[in-house]
Amino acid sequence: MRSLLNVLVIVLSAALGLVLIGVILESPSPARVRLSEEVLMQIGASGVTHPVTAVLLNFRGYDTLLEVMVLLLALLGVLAQMGKQKRENPPAGFYLTEPRMQVLLWLARVLVPLMVLVAGYLLWAGGHQPGGAFQAGAVLAAAGVLLNLSGLLPSWMEPAWNLRAGLVSGLLVFLLIAAAVMMTASPGLLLQYPPASAGMLILLVETGLTLSLGLILAGLFLFLSGDAIDDEADK
Amino acid sequence: MSGALIYACAGAVLFVFGVTGLILLPHLLRKILAFNIMGSGVFLVLVGLGQRDGTPDPVPQAMVLTGIVVAVAATALALALVRRLLSLTGKIQFPEESEGLGRCWKNK
Amino acid sequence: MFDPVPWLILLPLVWGCLTFLTGVGRGGRLVLAGLIIQLVLTIILARQIVMEGARHYAVGGWGAPLGVDLYVDGLTGIMLLLTHVVALPLVVYARAYFSSQAEGASYFWPLTCFLLAAMNALFMSADIFNIYVTLELLGLAAVGLVAAAGSAGSVTAAIRYLLVTLLGSGAYLMGVALLYGTYGSVSLAVLEPLLATTEISAAACLAAMLMLAGLLLKTALFPFHFWLPPAHGGAPAPVSALLSALVIKASFYLILRLWFDLFAPLVTTQAAQLLGGLGAAAILWGSILAFNQTRLKMLVAYSTVAQIGYLFLLFPLMTSAIPGAAESAMQGGVMQLVAHALAKAAMFAAAGVMVLSAGKDDIALLGGMSSHLPLTLFTFALAGITLMGLPPSGGFIAKWLLIDSAVSGGQWGWVVVMILGGLLSAAYVFKVLRQAFLPPVAGIKFKPVIRMLEWPAFLLALISLLLGFRSVEVLNLLGAA
Amino acid sequence: MNFNAILPLLVLASSLVPGMIIFFLPESRIRLRTTLNLTGAILKLLLIGYMLWGVQHDQSYVFRYNVLPDLELVFKADALALLFVTLSAALWFLTTLYAIGYLEGSPHRSRFFGFFSFCVTATVGVAMAGNLFTFFVFYELLTLSTYPLVVHRGTAAAIRAGNIYLVYTLAGGAVFLTGIVWLYGLLGQVEFTPGGVAATLGLEYTAQLQVIFLLLIAGLGVKAALVPLHGWLPQAMIAPAPVSALLHAVAVVKAGAFGIIRIVYEVYGIEFAQTLNLLMPLAIVASITIIWGSLRALWQDDLKRRLAYSTISQVSYIILGVTLFGPAGTIGGVVHLVHQGIMKITLFFCAGNYAETLGIHKISEMNGAGRRMPWTSIAFSVAAFGMMGAPLTAGYVSKLYLNQGAEMAEMAWVSWMLTASSLLNAAYFLPILYRLWFVNQPQKWLQERIRARGRWETHGLLLIPPVVTAVATLGAGIFADTGWSPLFWVKLIAEMEYLP
């Protein structure tokens, strides 16, 4: 029975794959909308020059707002799963005390400042070439993970108010700007940036996002790594 | 057939692999990986089909960026849950379901 | 004119951030206040819809196809109102619940706020990619809430739920990709006329199948229901209530929207009959399984599986050519959705109170409940009346409309299913009620519960019962175009 | 909205509101509970008295409310409604008195009286329903509000009886609903109108209308305990005596019978029903029920069970009368609705008295109880003679008109059947009376819970209601021709139905 079901799933999936490929090779509808042209036409009013950033933070900025919320939600889910035991003086990367790990330690000390620099650059570059808040945030988070792995940054526990503030600051700034542009203009719409100040506002949003995305992404790792160490210690 | 369509077709294959794996693989980490493969497949189709006539289209690219972040978030949550399950039961599998889809229909 | 649309998305997000800032397990009062404001906003919005009809809202001012559009019409208004009317008593309930039982309380408030934000965003979205994001939001928030109980059972249920919801949205997104590849847009307002006027393409058909399949999986329609009972039955009671009453309805709402608007040129009578058949199977099979349960919350969860089935009967009924039959089918389906949401929230809340008081989730331990917690048992019974479709509840009006539609359309098979389903639901509801009339099991000592746990549940049940007298308003709102 | 329109609502509220308050009262607030109960009951009687007066002076009391754009909730206090409302309100008052005495000191009384009031509200709703939809709403509410009363004792046997009760009534309700929705689909609105509304459809719908009739009667027949749908009734005897009294005499079985009256006269119309050949099959079913119930009653030793089978038989007199085409049949059937109610409630009150006072549940234990409890036993005897159709009692009047009706409808076999039934009635009631009065009492009563105090052979509240209803049984028979008898009122109703 079980194997029969498995075979059924495989056969169905294969069929789905074939149909999918067939459909992909089919020619598109003649009435197809050319959205990329529209993007290029309107990009002047978006406040940035890179089309992907324009779509991401202006034309479809609403998606991005929700996307930040997705990350925050995942973090909340992770936080709710944190080990409930109270750790005193959390041991950070205790398994890295062996001498041969010194290389990693050294590497981290060199790399982390560089990574922060790169993150800043990515953030700034996002306006006119590939880059932006998410990439910058990811690099920042990676720096945090590296520090934790090399024992320089302790794992995080139940976040205190300052860390919590940092985690939601990006979303709050985003919300604040979204509401502000709506209320100052009349009739204002949600996330409707005035073309004149759009560039500045987007940079503001992106800066806020970089910081808190870095924290959130790092948190996804750092809030749980302490548990891993606890489990290890239990053994 | 343009280059973009090759990506899209590869995406279709990845998607199917991912779906099959997600349903059939018993180990939860593999399921999570399968989900990521599935997601990548969809992203490839999205971008590949979007620029089938050769010019890159920023809209699907932005969508894929959003999709990737969503996938990262979901993966992180899934991993956290699986870790939790590991520390509660010592297993990285559904307790009553040793393999495959099967048990889904059994309800007690 | 004041426009509540953007605020219904922004405000819950703000509450979510603020409750996260206030700290673990805190912020219930803030959410309560926030929800009252939102309820007022939804009422204003509903009035606007009735007076001025449906409208689009261009986020960022770009408009489709470049920007993301929101769209509100009567159905949106109903869903938004329903969400807030259900959520508000549940927030009061949850505050009392988590004060007597801390398990799962830690991040309940921010997760709930984000859940509500996700639902508001989903109901108003008119952009299939944006809908994908809201679906994921909703899924992650729901999974987080289920997992928060922290037991092995609830974590397992949460993982299963997460994987199912990810599979579902993966399939949905593939459909979006195909539609974008073929038509170059993700806006419903752009896609609808394109699909309606051009020749039907294979890509559109496949996209429709993938998207609907993904949503069916999330709606837990038979035979995709396997993930629902452990997830809904294992979560803390306020979470179960939110999930069973509202979250399931969100994906159903999308099916409704896509089926009758975007994919209207594609769907066939056979497909509608298939959905109806699955709905019928869900009604019968879900009810039988509900009756077989020994745990109260699992019984209620399986009842959700069964009740979802009724919603899908409207698809075959809508194919009727008789004028009026299709209209009553739609009205009946929406009434069923609303009535079930209210009743199921009440029922889960009442079940939670009983489990809390008995200390264990076991129907056999309910003896004596009728004198220990008469109000809660009464709540359960009132909610049961709606589920059984007995007068004067909203469920009865729903069933009346659906049966009326089936009879006048000559589709007798569905009449039999609905009648049988009503009787089967009576079987499982009374299985609980009659147990409560028996003397207490020897050795069991009921814990006293706070009043604030009992009244919100009762209020919900009462609304579901009295809905029958106010259905004209609901249908007015539904009819606003 | 004028006062006449809200009057039907007030009648409903006079038991609903006290019921809701009582439901949430703590167990210990006995006096407040009693006050609420009796205030409600008296208020209801006063309101009904006012409406009775009004209807005789050509006032109409109609309340309408749109539940759906084309679906109305209608309460209408027409002559037929008032007949049933008066019966239930009067008997409710007496049963409440009785129940207060009967349940003294027992647990869960707030719950009991709460549902008791809901039950009467539902009955009144059934009576005043102005269309089929409204009727159904209250018909189902009646099921729901009586279930907690049936299982009130919380014993395994009570729960089992409750299950059987639910299976029958909910299934019946579902069938009924199907018929109603179908009929609404054909007619748009199904308002109760003297002379019927279905005739407008014409004969091309014959087949559909016949099936719908079958569905409606099957749904109503469950509560009216038509054979073979009667199985729940003897089981439900497990309930406390006031509940049995209510189920059998007023609320449940009468709701079924009353529904059949409405369906035949005011939905189909008696003439159209005759044209569709619907009356004869119903008459046959009713006759079978009459004979079957009486036969089964013969073999019961448990007093309440014998009375239950007697109910099955007697309620079908009403239905039989309805099917006899012609005014006399109508009068006989409808008046029996009232007469049977008064007589049967007397019997159940008395049965409760024997059980409560002396611990007697079986007929074989009733030897000589007449001397120990003379008033109860006199009341019992009067009602039993009434059931047999003895002259000077209400039962005689009913049977007289039923026989006339059979003659007018040219159905001679019905007269024979009625005679046979009367003989059977005598066969199962006379042995009881014989034991009561002519057999010596045992040395010691089974379980004498209430001692006789002077002239009070039992608790005063247990004694007054059966005596009052027994007097009413005689009154309705002796003063049948006066302007205040049920018969007079029923003749008015029949006139309207057969008005050319």
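Applying a threshold of 8 Å to beta carbon distances and a minimum spacing of six or more residues, or different chains, the list of pairs starting in region C:197-224 at a residue that is within 15 Å of residue C:268 (Cβ to Cβ) and ending at one that is of a type in the set (S, T, N, Q) and part of a helix (DSSP H, G or I) reads C:204/C:182.
Taking the criterion of being of a type in the set (Gly, Ala, Ser), in a helix (DSSP H, G or I), under 23 Å from residue D:155 (Cβ atoms) and under 17 Å from the mean Cα position of the chain (by Cα), would at least one residue in region C:318-339 satisfy it? No, every residue in region C:318-339 fails to be of a type in the set (Gly, Ala, Ser), in a helix (DSSP H, G or I), under 23 Å from residue D:155 (Cβ atoms) and under 17 Å from the mean Cα position of the chain (by Cα). Among the criteria (1) at the interface with another protein chain (Cβ under 10 Å from one of its Cβ atoms); (2) touching a helix residue (DSSP H, G or I) at 6+ places or on another chain (Cβ under 6 Å), the one residue D:129 does not fulfil is (1).
Hey, can you tell me all the residues within region D:325-371 that are out of contact with any helix residue (DSSP H, G or I) (no Cβ under 7 Å at 6 or more places or on another chain) and among the charged types (D, E, K, R)?
Step one: filter region D:325-371 for residues out of contact with any helix residue (DSSP H, G or I) (no Cβ under 7 Å at 6 or more places or on another chain), giving D:357, D:359, D:364-365, D:368, D:371.
Residues satisfying the conditions are D:365, D:371.
Take region C:293-310 and flag every residue that is at the interface with chain B (Cβ under 10 Å from one of its Cβ atoms) and more than 13 Å from the chain's Cα centre (by Cα). Let's see the steps before the verdict.
Residues of region C:293-310 at the interface with chain B (Cβ under 10 Å from one of its Cβ atoms): C:293-294, C:298, C:302, C:305.
Matches in region C:293-310: C:293, C:294, C:298, C:302.
In region C:92-111, is there at least one residue being in contact with a strand residue (DSSP E or B) (Cβ under 8 Å, 6 or more places away or on another chain), surrounded by 24 or more Cβ atoms within 10 Å (Cβ to Cβ) and within 14 Å of chain A (Cβ to nearest Cβ)? No, region C:92-111 has no match at all. Among the residues of region D:180-190, is there at least one that is surrounded by fewer than 24 Cβ atoms within 10 Å (Cβ to Cβ), within 13 Å of chain C (Cβ to nearest Cβ) and more than 27 Å from residue D:76 (Cβ to Cβ)? Taking every residue of region D:180-190 in turn, none turns out to be surrounded by fewer than 24 Cβ atoms within 10 Å (Cβ to Cβ), within 13 Å of chain C (Cβ to nearest Cβ) and more than 27 Å from residue D:76 (Cβ to Cβ).
Residues considered: C:241, C:158, C:171, C:204. Of these, the only one that is crowded, with 24+ Cβ neighbours inside 10 Å, more than 7 Å from every other protein chain (Cβ to nearest Cβ) and closer than 28 Å to residue C:105 by Cβ is C:241. Selection within region C:123-136: residues that are more than 10 Å from chain A (Cβ to nearest Cβ) and assigned to a helix (DSSP H, G or I). The member of this set that is nearest to residue C:239 (Cα to Cα) is C:135. Across region C:422-433, the number of residues qualifying as buried (at least 22 other Cβ atoms within 10 Å of the Cβ) and facing chain D (nearest Cβ under 7 Å) comes to 3. Considering only residues in region C:456-469 that are within 15 Å of residue C:85 (Cβ to Cβ) and within 12 Å of another protein chain (Cβ to nearest Cβ), the one that is surrounded by the fewest Cβ atoms within 10 Å (Cβ to Cβ) turns out to be C:466. For region C:373-393, the set of residues classified as among the hydroxyl-bearing types (Ser, Thr, Tyr) and in a helix (DSSP H, G or I) consists of C:376, C:379, C:386, listed by residue number.
Out of all the residues in region C:12-35, is one or more under 30 Å from residue A:39 (Cβ atoms), assigned to a helix (DSSP H, G or I) and touching a Cys at 6+ places or on another chain (Cβ under 9 Å)? Yes, some residue in region C:12-35 is under 30 Å from residue A:39 (Cβ atoms), assigned to a helix (DSSP H, G or I) and touching a Cys at 6+ places or on another chain (Cβ under 9 Å). When C:363, C:419, C:397, C:403 are checked against the criterion of being under 23 Å from the mean Cα position of the chain (by Cα) and either aromatic (Phe, Trp, Tyr) or surrounded by fewer than 23 Cβ atoms within 10 Å (Cβ to Cβ) (or both), a single residue qualifies: C:419.
Within region D:459-477, the presence of at least one residue that is more than 23 Å from the chain's Cα centre (by Cα) and small (Gly, Ala, Ser) is confirmed.
Among the candidates B:56, B:60, single out the residue that is farther than 19 Å from residue C:139 by Cβ and more than 7 Å from every other protein chain (Cβ to nearest Cβ).
On the way: B:60 fails: more than 7 Å from every other protein chain (Cβ to nearest Cβ).
Only one candidate passes the filter, namely B:56.
Taking the listed residues D:255, D:308, the one that is modelled with pLDDT of 90 or more and not assigned by TED's automatic domain parsing to the domain that holds residue D:395 is D:255, with no other qualifying.
Hey, can you tell me all the residues within region B:17-35 that are facing chain C (nearest Cβ under 10 Å) and under 16 Å from residue B:81 (Cα atoms)?
Within region B:17-35, the subset facing chain C (nearest Cβ under 10 Å) is B:18-19, B:22-23, B:28, B:31-32, B:34-35.
Passing the criteria: B:28, B:31, B:32, B:35.
Is it true that residue D:85 is outside any loop (DSSP other than H, G, I, E, B), free of Cβ contacts under 8 Å to residues at least 60 places away in the same chain and among the β-branched types (Val, Ile, Thr)? Judged against the criteria, residue D:85 is not a match.
The sole residue among D:17, D:67 that is without any contact (Cβ under 8 Å) to a residue 40 or more places away in the chain and crowded, with 16+ Cβ neighbours inside 10 Å is D:17.
Of all residues in region A:39-68, which are charged (D, E, K, R) and either more than 9 Å from chain B (Cβ to nearest Cβ) or more than 30 Å from residue C:201 (Cα to Cα) (or both)?
The initial filter retains those residues of region A:39-68 that are charged (D, E, K, R), namely A:60, A:63, A:67.
Passing the criteria: only A:67.
Of the residues that make up region C:278-292, is at least one within 14 Å of chain B (Cβ to nearest Cβ), more than 22 Å from the chain's Cα centre (by Cα) and on the phi < 0 side of the Ramachandran plot? The answer is yes, given that some residue of region C:278-292 is within 14 Å of chain B (Cβ to nearest Cβ), more than 22 Å from the chain's Cα centre (by Cα) and on the phi < 0 side of the Ramachandran plot.
Is there a residue in region B:28-46 that is part of a loop (DSSP other than H, G, I, E, B), over 20 Å from residue C:161 (Cα atoms) and not charged (D, E, K, R)? Break it down into steps so the answer makes sense when it comes.
First, pick out the residues of region B:28-46 that are part of a loop (DSSP other than H, G, I, E, B): none.
For region B:28-46, residues part of a loop (DSSP other than H, G, I, E, B), over 20 Å from residue C:161 (Cα atoms) and not charged (D, E, K, R): absent.
In region A:26-55, the residue that is surrounded by the most Cβ atoms within 10 Å (Cβ to Cβ) out of those that are touching a helix residue (DSSP H, G or I) at 6+ places or on another chain (Cβ under 8 Å) and under 16 Å from residue C:181 (Cα atoms) is A:35.
Checking the conditions here, which among C:472, C:441 is assigned to a loop (DSSP other than H, G, I, E, B), more than 19 Å from the chain's Cα centre (by Cα) and surrounded by fewer than 19 Cβ atoms within 10 Å (Cβ to Cβ)?
Working: C:472 fails: assigned to a loop (DSSP other than H, G, I, E, B).
After applying the criteria, what remains is C:441.
Can you say whether residue D:383 is at pLDDT 90 or above and assigned by TED's automatic domain parsing to the domain that holds residue D:311, as far as the supplied structure shows? Against the criterion (at pLDDT 90 or above and assigned by TED's automatic domain parsing to the domain that holds residue D:311), residue D:383 qualifies. Here's a check for you: in region D:404-426, which residue that is surrounded by fewer than 19 Cβ atoms within 10 Å (Cβ to Cβ) and of a type outside the set (A, V, I, L, M, F, W, C) is farthest from residue D:306 (Cα to Cα)? Step by step, filter region D:404-426, then rank; the result is D:410.
Take the conditions (1) under 30 Å from residue B:82 (Cβ atoms); (2) surrounded by fewer than 14 Cβ atoms within 10 Å (Cβ to Cβ); (3) more than 7 Å from every other protein chain (Cβ to nearest Cβ); residue A:72 misses just one of them, which is (2). Quick one: which of D:196, D:179 is more than 20 Å from the chain's Cα centre (by Cα) and assigned to a loop (DSSP other than H, G, I, E, B)? None of the other options fit; the residue is D:196.
The values are calculated or read from the model by the stated rules, or taken from the named source; none is laboratory data. Being a predicted model, the structure only gives us computed values, none of them experimental. Every residue, glycine as well, gets a Cβ built from its backbone with ideal geometry; the counts of neighbours run over all protein chains shown.
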